[in-house]
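Asks: Sharing a structure with you now.
The values are calculated or read from the model by the stated rules, or taken from the named source; none is laboratory data. Because the structure is predicted, anything quoted here is derived from the model rather than measured. Cβ coordinates were reconstructed from backbone atoms using ideal geometry, including for glycine residues, and neighbour counts include every protein chain displayed.
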Amino acid sequence: MAEEVKVFGAWGSPFSRRVELALKIKGVKYEYIEEDVYGNKSPLLLKYNPVHKKIPVFLHNGKPIAESLVIVEYIEETWKGNPILPEDPYEKAMARFWAKFVDEKCLPALWTAGFSPENERAKAAEEACECLKTLESALNGKRFFGGDTVGLVDIAANFIGYWLRLIQEATGHDLLSAEKFPALFKWSDEFVSCSVVKDSLPPRDKLLAFFKARFAGAAQTNASN
Amino acid sequence: MAATEEVKLLGFWVSPFVLRVEWALKIKGVKYEYIEEDIFNKSTLLMELNPVLKKVPVLVHDGKVIAESFVILEYVDETWKQNPLLPQDPYQRALARFWAKFAEEKVLEGAWNALCSQGEEKQKALQQTIEAMEKIEEELGKKQHFFGGESIGYLDIILGWISHYIPVWEEAGSMQIIDPIKFPATTAWINRFLKHPLIKDTLPPREKMLVYFHQRSKELGSTSHGWIRV
């Protein structure tokens, strides 16, 4: 059965990388299409995601799906090997709760803390640290949020595992440190060294350069405000 | 299914998020104990059960605690198999989840921001909400009775707040979001939903809601972004 599986993404986006990671965990072959999200969005992207006009977009035998975590759940339900969600409904609910918390609370707080103007940084950093503190205790001695293997929450938290460390390097502002959050810091090392994850991360130097430029741009904008 | 199951729901009388969970439990025919929380004076019980977000709804099923209405809904659907809420087909499920997220971010947040703000900010929020509703209208135009088909499903439950809260918010906020002429499919769906036997007796009293939201919108001004503080 020749299946058509395509991912429309952007090289530096944690969101499209979530989808790629889920597919790699499941061993599903797919075609990747790079979108120029800052320049020219392709007619195909606009056709498959008319509502948001964003990546990632997932195409399975011609059927499009948007929203990274919606896509990841679809992948889980369609390809049964190497599950990323527990079987038990309660454990599943816990995973979904934490994935939502990471996606809707943590990521915006961390991004703001990374790039907000000097006078707002303290407050933003405080909120971001609250999130990290909560995640630190949610990890609860486990190697991954998913237990022994990478699961939905780890996938959702990919930004924290990899992107955040590079943002910290680019901006010089440390939110996630081994001193403050030992378990979460260790998790981020485990996460990025995991073989299936390693292959699905954007190149370090390229992403670091991107964040340095972004930070410089933000600093300029903030200084002129 | 256990012979004696203990299902409790911590809620707040006017929360649309709590209402969703009640609708899901009623559709499944699950008996539950409802515990009213005063969200302006949170109980130690709530703080213990939902220390992360300190919000309602919280479902407690045989001692297992779950928060977040979307997460609770999926748990309810997976735990009690009768009258399924989500479709069986993974692609249809993905579409339902997509639209649920869309409506939450663009319609619920948009309408709430429009209610609580003034002037240019209000107009902008209103415009965004109406544009989002146009996409919902398009989706409803393809459906028979409800998003779930012949019977109420997951997406009807997630969006159901629109039927009862939007008219109240329109009045409290002196604005119009759903013009029946521009939104025929939505208007028809609203009427069907409100008349549904399992829904109509669950709705909080309109007059009481009007007073509540009138006051609340004044208190909040334009400071509400992100997480809704109903």
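Asks: Hey, can you tell me all the residues within the range B:71-98 that are closer than 19 Å to B:S15 by Cβ and either at the interface with another protein chain (Cβ under 7 Å from one of its Cβ atoms) or in contact with a His (Cβ under 6 Å, 6 or more places away or on another chain) (or both)?
Replies: B:V71, B:E74, B:Y75
Asks: So, one more: Name the one entry in B:K81, B:K8 that is part of a loop (DSSP other than H, G, I, E, B), modelled with pLDDT of 95 or more and surrounded by fewer than 21 Cβ atoms within 10 Å (Cβ to Cβ).
Replies: Just a single option satisfies the conditions, and that option is B:K81.
Asks: Identify all residues within the range A:101-118 that are β-branched (V, I, T) and under 19 Å from A:S68 (Cα atoms); write none if there are none. First the steps, then the outcome.
Replies: Just the residues of the range A:101-118 that are β-branched (V, I, T), to begin with: A:102, A:112.
Within the range A:101-118, A:V102 is the sole residue that qualifies.
Asks: I would also like to ask the following. Out of the residues in the range A:206-215 that are within 22 Å of A:R18 (Cβ to Cβ) and not hydrophobic (A, V, I, L, M, F, W, C), which is surrounded by the fewest Cβ atoms within 10 Å (Cβ to Cβ)?
Replies: A:K206
Asks: Since A:E118 meets every condition but one in (1) more than 17 Å from A:R165 (Cβ to Cβ); (2) more than 10 Å from every other protein chain (Cβ to nearest Cβ); (3) buried (at least 18 other Cβ atoms within 10 Å of the Cβ), which condition does it not meet?
Replies: In the conditions (1) more than 17 Å from A:R165 (Cβ to Cβ); (2) more than 10 Å from every other protein chain (Cβ to nearest Cβ); (3) buried (at least 18 other Cβ atoms within 10 Å of the Cβ), A:E118 misses (3) alone.
Asks: Just checking, does the range B:12-28 include any residue being farther than 24 Å from B:E78 by Cα and not β-branched (V, I, T)? Let's see the steps before the verdict.
Replies: Filtering the range B:12-28 for residues farther than 24 Å from B:E78 by Cα gives B:12-14.
From what is left, the residues that are not β-branched (V, I, T) are B:12-13.
Within the range B:12-28 (the criterion being farther than 24 Å from B:E78 by Cα and not β-branched (V, I, T)), the answer is yes, since at least one residue qualifies.
Asks: Follow-up. Can you find, within the range A:1-55, the residue that is nearest to A:Y162 (Cα to Cα) among those that are over 19 Å from the mean Cα position of the chain (by Cα) and assigned to a helix (DSSP H, G or I)?
Replies: Out of the qualifying residues, it is A:L45.
Asks: So if I check each of A:I55, A:I71, which one is under 18 Å from A:I25 (Cα atoms) and crowded, with 22+ Cβ neighbours inside 10 Å? If you could, list the steps in order and put the result at the bottom.
Replies: Values: A:I55 fails: under 18 Å from A:I25 (Cα atoms).
None of the others qualify; the one that does is A:I71.
Asks: Which of the residues spanning the range A:64-74 are facing chain B (nearest Cβ under 9 Å) and either outside any loop (DSSP other than H, G, I, E, B) or in contact with a Leu (Cβ under 7 Å, 6 or more places away or on another chain) (or both)?
Replies: Residues of the range A:64-74 that are facing chain B (nearest Cβ under 9 Å), as a first pass: A:65-67, A:69-71, A:73-74.
Within the range A:64-74, A:I65, A:A66, A:L69, A:V70, A:I71, A:E73, A:Y74 meet the criteria.
Asks: Further question: List every residue pair whose Cβ atoms sit under 9 Å apart, with the two residues 6 or more apart in sequence or on different chains, where the first one lies in the range A:80-109 and is on the phi < 0 side of the Ramachandran plot and of a type in the set (D, E) and the second, anywhere, is assigned to a loop (DSSP other than H, G, I, E, B) and surrounded by fewer than 16 Cβ atoms within 10 Å (Cβ to Cβ).
Replies: Cβ pairs passing all conditions: A:E104/B:G226; A:E104/B:W227.
Asks: Here's another thing I want to ask about it. Could you tell me which residue of the range A:78-98 is nearest to the other protein chains (Cβ to nearest Cβ), considering only residues that are in a helix (DSSP H, G or I) and over 14 Å from B:E74 (Cα atoms)? Spell out the reasoning first.
Replies: At the first step, the residues of the range A:78-98 found to be in a helix (DSSP H, G or I) are A:78, A:89-98.
Remaining after also requiring over 14 Å from B:E74 (Cα atoms): A:78, A:98.
Values: A:T78: 5, A:W98: 9 Å.
That would be A:T78.
Asks: Among the listed residues B:K31, B:K42, B:K54, B:K26, identify the single one that is within 14 Å of another protein chain (Cβ to nearest Cβ), basic (K, R), surrounded by fewer than 22 Cβ atoms within 10 Å (Cβ to Cβ) and not in a strand (DSSP E or B). Explain how you work it out, then say what you get.
Replies: Working: B:K31 fails: within 14 Å of another protein chain (Cβ to nearest Cβ); B:K42 fails: within 14 Å of another protein chain (Cβ to nearest Cβ); B:K26 fails: within 14 Å of another protein chain (Cβ to nearest Cβ).
The match here is B:K54.
Asks: Listed residues A:D174, A:D154, A:D103; which is assigned to a loop (DSSP other than H, G, I, E, B) and either within 11 Å of another protein chain (Cβ to nearest Cβ) or within 19 Å of the chain's Cα centre (by Cα) (or both)?
Replies: Working: A:D154 fails: assigned to a loop (DSSP other than H, G, I, E, B); A:D103 fails: assigned to a loop (DSSP other than H, G, I, E, B).
After applying the criteria, what remains is A:D174.
Asks: Can B:F102 be described as over 26 Å from B:P197 (Cβ atoms), within 14 Å of chain A (Cβ to nearest Cβ) and in contact (Cβ under 8 Å) with a residue 12 or more places away in the chain? Steps first, answer last, please.
Replies: Working: over 26 Å from B:P197 (Cβ atoms): yes; within 14 Å of chain A (Cβ to nearest Cβ): yes; in contact (Cβ under 8 Å) with a residue 12 or more places away in the chain: yes.
For B:F102, the condition - over 26 Å from B:P197 (Cβ atoms), within 14 Å of chain A (Cβ to nearest Cβ) and in contact (Cβ under 8 Å) with a residue 12 or more places away in the chain - is met.
Asks: Right, something else. Report yes if some residue within the range A:113-134 is within 30 Å of A:Y30 (Cβ to Cβ), assigned to a helix (DSSP H, G or I) and either at pLDDT below 95 or touching a helix residue (DSSP H, G or I) at 6+ places or on another chain (Cβ under 7 Å) (or both); otherwise report no.
Replies: Residues of the range A:113-134 within 30 Å of A:Y30 (Cβ to Cβ): none.
Scanning the range A:113-134, I find no residue that is within 30 Å of A:Y30 (Cβ to Cβ), assigned to a helix (DSSP H, G or I) and either at pLDDT below 95 or touching a helix residue (DSSP H, G or I) at 6+ places or on another chain (Cβ under 7 Å) (or both), so the answer is no.
Asks: For residues that are of a type in the set (K, R) and within 21 Å of B:E104 (Cβ to Cβ), scanning just the range B:27-66, find the one that is nearest to the chain's Cα centre (by Cα).
Replies: Step one: filter the range B:27-66 for residues of a type in the set (K, R), giving B:28, B:31, B:42, B:54-55, B:64.
Adding the requirement that they be within 21 Å of B:E104 (Cβ to Cβ) leaves B:54-55.
Values: B:K54: 18, B:K55: 14 Å.
Among residues in the range B:27-66 that are of a type in the set (K, R) and within 21 Å of B:E104 (Cβ to Cβ), the one nearest to the chain's Cα centre (by Cα) is B:K55.
Asks: Can I ask one more? B:V107 is checked against (1) closer than 16 Å to B:R20 by Cβ; (2) aliphatic (A, V, I, L, M); (3) away from chain A (no Cβ under 14 Å); (4) assigned to a helix (DSSP H, G or I) and fails just one. What number does that condition carry?
Replies: (3)
Asks: May I ask you to list pairs of residues, at least six apart or on different chains, whose Cβ atoms are under 8 Å apart, with the first in the range A:45-61 being within 12 Å of another protein chain (Cβ to nearest Cβ) and under 17 Å from B:K101 (Cβ atoms) and the second being of a type in the set (S, T, N, Q) and buried (at least 21 other Cβ atoms within 10 Å of the Cβ)?
Replies: Once the first residue is within 12 Å of another protein chain (Cβ to nearest Cβ) and under 17 Å from B:K101 (Cβ atoms) and sits in the range A:45-61, its partners that are of a type in the set (S, T, N, Q) and buried (at least 21 other Cβ atoms within 10 Å of the Cβ) give A:V57/A:N49.
Asks: Being closer than 13 Å to B:G221 by Cα and buried (at least 18 other Cβ atoms within 10 Å of the Cβ): is that true of B:L115 here? Can you show your working first?
Replies: Numbers: closer than 13 Å to B:G221 by Cα: yes; buried (at least 18 other Cβ atoms within 10 Å of the Cβ): yes.
For B:L115, the condition - closer than 13 Å to B:G221 by Cα and buried (at least 18 other Cβ atoms within 10 Å of the Cβ) - is met.
Asks: Looking at A:S224 and the list (1) within 17 Å of the chain's Cα centre (by Cα); (2) modelled with pLDDT under 95, which single condition is not satisfied?
Replies: (1)
Asks: OK, next. When only residues in the range A:76-93 that are hydrophobic (A, V, I, L, M, F, W, C) and surrounded by fewer than 21 Cβ atoms within 10 Å (Cβ to Cβ) count, which is nearest to A:A223 (Cα to Cα)?
Replies: Filtering the range A:76-93 for residues hydrophobic (A, V, I, L, M, F, W, C) gives A:79, A:84-85, A:93.
Add one more test, that the residue is surrounded by fewer than 21 Cβ atoms within 10 Å (Cβ to Cβ), and what stays is A:79, A:85.
Details: A:W79: 50, A:L85: 45 Å.
Only one residue tops the list, namely A:L85.
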